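Step one of this worksheet: look at the structure below.
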């Protein structure tokens, strides 16, 4: 099967937005050997430094409290919150 071009809207080209998919497993094993801050900086640098991402994602998930903690020392719930933040930042 070939690719179909999208229909145009009133004579103009229809632009299809790009989507990204992230997967967060149910069980997470903490293998990262540094802080949450370093993990976010390495994996989602642009997102976690953006003010809207901080207000819409990091503050509700209370990630700022975890920033200087070692990933391997996080509880299960804290790991889930960090993993969710990573997924939303991709």
Helix 76-89: inclination vs the chain longest Cα principal axis, degrees, rounded to 10, gives 30
Extension gain residue 70-residue 20, at 0.36 nm per residue separation less the Cα-Cα distance, in nm? 15.2 nm
With -39,500 (n - 2.57) per DSSP H segment of 4 or more residues and division by the full residue count of the chain, the 222 nm estimate, nearest 500 deg cm²/dmol, is -9500 deg cm²/dmol
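Read-outs: derived from the displayed coordinates by stated rules, not from any lab. A quick note: this is a predicted structure, and the numbers were derived from the prediction, not measured.
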